[in-house]
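This report refers to the structure that appears directly beneath it.
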């Protein structure tokens, strides 16, 4: 079945490629702006966590995720902010926190959970799986499918 | 209220790729994922094979049956479409080749409401709008190309016979004008626009979460458009008010949608059951699953049985049930209206990968709701 490995788009002058999908789904990205956003978010989230407001910290950390290509460092940092919130939440509170989120933010949280699981050496898989279980109970398999189909990754 | 159980027909063990009924629902054209379309006829509630339509040489992707003119159109991965007419003298279906002028597979075909045109979707980033040219005694196609960027996966005609909705793998649903000079009369103005020359783009919509669009459908009046994609959302667009609402379903993606009336949509797909969405107040929302198949009661497991199973089959759990607890046992890929007119569908048919064709009554909806306890 060697023919299945042939890149037929190479023969196509006007292929529908990643660049076009990005500009359609994400628009222009200014990496410095995004970086500044993520940095200020990190401070706000930490302040909220110190006050013990995990609910607020979670919503704040899920705001304006850094979408687009060439933002690997910023994305990593953004994921770490969310991980801080997840790690500092008591297991008993997870279900209620997840339920409080609007459905758009549930989808974003699921993206971060998978981004976190992609780096098992940095993040605690146990914590992530606990959150994943509670989130799937609320948002269903549809939420997981949306993480897979959405080109706007974190 | 009477409970009408869904009528399950099993034609095949393999997948059903598409199906279409004739005007009085006594004949059924169905394709079992091959290059052949089989026509079954119903007599005494038994379906018997009456004809096979053999002309395509790659799998048939879509079939549609024009109710009034009794013509069938089929399209296939072989890049061709045929219009089939029943020759009354010989009682045989005769194919006529259609000039589609496409270089990739044809994916979807639908007759227009007036049955004087049909549209063929394809992988070559265009929709071929076909009409009969009297002078040449031939079906010819005109292409809608811009601004399509990828394969078209589904189509739906507006009741005015001019507007055409297309769901596309470039994550967009679009509404086009498929106005053909000499065939169509000038349509009345609608929320979609007033001046509608061929290939006018009347709207371009996306669910906002990516996902190629599996199915599009105009509401019975044609004033509202719904579409669903692989991101498991259903988006309802109302051009008059400018509202675009996306419902994020907690279930697996839907493959096909059908409007029962202006306030209810049925969607079905990878969850193997039709789901109902309703317009309540100002919003659309998921209402319920319409497959009330109950889980079979677990057979009481005795310790002796358990040990015997562990011994003979090395299984430790009591249940080795692989059956899905819905009528369909696999993905549903097509829903079509079966009885009632477009603005009030009483029955609809679903077919899918499990080889079943099921006819559902909308009576089930009312019955199902009355069984709900709060």
Read through the list (1) under 25 Å from residue A:147 (Cβ atoms); (2) surrounded by 10 or more Cβ atoms within 10 Å (Cβ to Cβ), then give the number of the only condition that residue A:53 fails.
(1)
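Within region B:187-200, how many residues are free of Cβ contacts under 8 Å to residues at least 24 places away in the same chain and under 26 Å from residue B:228 (Cα atoms)? Reasoning before the result, please.
Within region B:187-200, the first condition is being free of Cβ contacts under 8 Å to residues at least 24 places away in the same chain, and the residues that meet it are B:189, B:193-195, B:197.
Within this subset, residues satisfying the condition of being under 26 Å from residue B:228 (Cα atoms) are B:193.
Within region B:187-200, residues that are free of Cβ contacts under 8 Å to residues at least 24 places away in the same chain and under 26 Å from residue B:228 (Cα atoms) number 1.
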Evaluation of residue B:211 against (1) assigned to a strand (DSSP E or B); (2) within 14 Å of chain A (Cβ to nearest Cβ) (one fails), failing number
(1)
Using the structure shown, decide if residue B:168 is over 21 Å from residue B:336 (Cα atoms), modelled with pLDDT of 95 or more and within 14 Å of another protein chain (Cβ to nearest Cβ).
no
Of all the residues that make up region B:82-103, how many are buried (at least 19 other Cβ atoms within 10 Å of the Cβ) and under 18 Å from residue B:19 (Cα atoms)?
4
With respect to residue A:82, determine if the residue is under 15 Å from the mean Cα position of the chain (by Cα), free of Cβ contacts under 8 Å to residues at least 40 places away in the same chain, over 25 Å from residue B:229 (Cα atoms) and surrounded by 18 or more Cβ atoms within 10 Å (Cβ to Cβ).
yes
For region B:233-268, the count of residues that are within 14 Å of another protein chain (Cβ to nearest Cβ), farther than 23 Å from residue B:340 by Cα and not in a loop (DSSP other than H, G, I, E, B) equals 8
Scanning for something closer than 18 Å to residue B:154 by Cα, more than 19 Å from the chain's Cα centre (by Cα) and surrounded by fewer than 17 Cβ atoms within 10 Å (Cβ to Cβ), does region B:104-116 turn up at least one residue?
yes
Residue B:73 passes all but one of the listed conditions (1) buried (at least 19 other Cβ atoms within 10 Å of the Cβ); (2) over 19 Å from residue B:155 (Cα atoms); the exception is number (2)
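Rundown of residues vs (1) in contact with a helix residue (DSSP H, G or I) (Cβ under 8 Å, 6 or more places away or on another chain); (2) at pLDDT 95 or above, yes/no style:
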{"site": "A:9", "(1), (2)": "no, no"}
{"site": "A:23", "(1), (2)": "no, no"}
{"site": "A:33", "(1), (2)": "no, no"}
{"site": "A:43", "(1), (2)": "no, yes"}
{"site": "A:49", "(1), (2)": "yes, yes"}
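Among the residues of region B:52-69, what is the count of those that are touching a strand residue (DSSP E or B) at 6+ places or on another chain (Cβ under 6 Å), touching a residue at least 40 places away in the same chain (Cβ under 8 Å) and surrounded by fewer than 18 Cβ atoms within 10 Å (Cβ to Cβ)? Walk me through it before giving the result.
Keep residues of region B:52-69 that are touching a strand residue (DSSP E or B) at 6+ places or on another chain (Cβ under 6 Å), which gives B:52-56, B:58, B:60-66.
Those left that are additionally touching a residue at least 40 places away in the same chain (Cβ under 8 Å): B:53, B:55, B:58, B:60-66.
Applying the additional criterion that residues be surrounded by fewer than 18 Cβ atoms within 10 Å (Cβ to Cβ) yields B:58.
Within region B:52-69, residues that are touching a strand residue (DSSP E or B) at 6+ places or on another chain (Cβ under 6 Å), touching a residue at least 40 places away in the same chain (Cβ under 8 Å) and surrounded by fewer than 18 Cβ atoms within 10 Å (Cβ to Cβ) number 1.
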Taking the conditions exactly as written (under 29 Å from residue B:190 (Cβ atoms) and under 21 Å from the mean Cα position of the chain (by Cα)), does residue B:139 satisfy them or not?
no
The listed residue being more than 13 Å from the chain's Cα centre (by Cα) and at the interface with chain B (Cβ under 10 Å from one of its Cβ atoms), out of A:130, A:139
A:139
Requiring at least 1 residues that are in contact with a strand residue (DSSP E or B) (Cβ under 9 Å, 6 or more places away or on another chain) and closer than 23 Å to residue A:67 by Cα, the helices (runs of 4 or more DSSP H) wholly within region A:82-154 are A:103-117, A:125-149
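Can you give me the ranges of the helices (runs of 4 or more DSSP H) entirely in region A:1-81 with at least 3 residues that are on the phi < 0 side of the Ramachandran plot and within 14 Å of chain B (Cβ to nearest Cβ)?
On the way: elements: A:18-25, A:31-50, A:54-61.
Those helices (runs of 4 or more DSSP H) span A:18-25.
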Kindly list the number of the only condition in (1) assigned to a loop (DSSP other than H, G, I, E, B); (2) more than 14 Å from chain A (Cβ to nearest Cβ); (3) buried (at least 24 other Cβ atoms within 10 Å of the Cβ) that fails for residue B:129.
(1)
Give me the residue from region B:218-232 that is within 14 Å of another protein chain (Cβ to nearest Cβ) and either free of Cβ contacts under 8 Å to residues at least 24 places away in the same chain or in a loop (DSSP other than H, G, I, E, B) (or both) and, out of that set, surrounded by the fewest Cβ atoms within 10 Å (Cβ to Cβ).
B:230
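The values are calculated or read from the model by the stated rules, or taken from the named source; none is laboratory data. Remember, it's a predicted structure, so these values are computed and weren't measured experimentally. Heads up, the Cβs are rebuilt from the backbone with ideal geometry, glycines too, and the neighbour counts pull from every protein chain shown.
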